[in-house]
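Structure first, then comments.
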Amino acid sequence: MSNENFTTWTEVDPGTKISATSSTITITGYDGPSAGSSNYFYKDQGAGFYSGNFTFRYGPLQFTGPSSNSSSAIILRASLVLPDDGTKHSGSVQAYWQNTATNPTLYLREYSTTNTTDETPTTQDTYQGSAVNAGTSFYIEFQRTGTTMNLRLYSDAYSTLVDTLTFTLSQAAQSYRYVLSPASRGIGSGATVGGTFQNLDLAAGSSPATLSGATPSGTLGTTTSATLGATTDQTSGTLYGVVDTAGNITGISAAQVKAAQNNAGGAPVASGNSSVSSGSPSVGVTGLTANTAYSYALVQNNANGDSNVITGTFTTASAVNLEARKYGPQGAMRVLITL
């Protein structure tokens, strides 16, 4: 998978404490909202995007020049909503760093959907040690599998494991929408820190969905519409479908299906998309012609990237002609109705 381009993220930085290039976020004099205002970068993935398992990799990370033992920052946060004075950290999981009198501490934290405190996570695990000292580079793997959260700490690019922070979530896995990095926290006026965060991969170690069993096939019972479906091994993201002639579907790419295009980059006969919430997702299309042979293609996209493209064929039903005759003084009148 590829790393995030931070220049495409949204910046909320009234204190001008964050700057970014495509691969690196730099924080300078970074503090919490009680020392001024919230400062963060975020990516909106769309409602319910992280409904299943996910693995994020981030590094190298390095903090510099902490002004006190209260200096801290949220390195990475997945959440239902963006932070504000009401929700604070609720409905989120996060990797968080804080300077201390001995060695700095790395935290893995959960704030349940009902937890609106600043300082008291619902669940947490910690590592304290020299591997996350100011001036020392480290790497993290931030992962949810079922209802288990893991934060793996590495001293290099994901080969030398230092420690694994882990816990079972206090509630059912939430369908997170936003990813934030960094995110400020209420740490008190005057406590600041600098640092750099590089190379965030939001689909590390995760395989894309696999689609199979494209439907429909044969002759349909409908003339101008169809329901395209498949079987998937991941119940998240979006299912995309396009319908066209066989020649315009052969060799079509995932990018073209998602963009509602045929294999030549033009507009297909029909297209559609729908959210995936079960192992048998489907998408409806309209605007077809009766008694016509069509080919179609489907692809699923979620946090793990694009699935394989699957294709199928069907023929729409023939139009039904009904004839009615009305007899009157002038003879029979014939009425032809096409359904």
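Read-outs: derived from the displayed coordinates by stated rules, not from any lab. Small disclaimer: the values here were computed from a predicted structure and weren't measured. Using ideal geometry, Cβ is built from the backbone for each residue, glycine included, and neighbour counts are taken over all protein chains shown.
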For the chain, alpha-carbon Rg over 2.2 N^0.38 Å: 1.33
Note, ³J(HN,Hα) from phi for region 225-232, Karplus 6.51, -1.76, 1.60, rounded to Hz, x at Gly and Pro: 9, 8, 10, 8, x, 6, 10, 10
Eligible aspartates and glutamates near Lys43 by straight Cα distance, threshold 13 Å, same-chain separation 8 or greater: Glu4, Glu11, Asp201
Between region 51-116 and region 262-304, the Cα center-to-center distance that results, in Å: 40
Extension gain, Ala267 back to Ser253 (0.36 nm per residue minus Cα-Cα distance, nm): 3.6 nm
Net charge over other residues, Cβ less than 14 angstrom from the Cβ of Leu161 (K, R count +1; D, E count -1): -1
Förster radius 41 Å - calculated FRET efficiency between Asn199 and Thr245 (Cβ-Cβ, nearest 0.05): 0.40
Per-residue [θ]222 nm for the chain (sum of -39500 (n - 2.57) over DSSP H runs n ≥ 4, rounded to 500): -500 deg cm²/dmol
Mean Cβ count within 10 Å, highest first, over the residues of peptides 221-233, 280-292, 91-103: 91-103, 221-233, 280-292
Additional length obtainable on full extension of the chain from Thr28 to Leu161, 0.36 nm per residue less Cα span: 45.0 nm
Prolate/oblate/rounded label for region 119-192 (Cα gyration tensor, a/c 1.5): oblate
Cβ-Cβ FRET estimate between Ala47 and Thr292, R0 fixed at 25 Å, reported to 0.05: 0.10
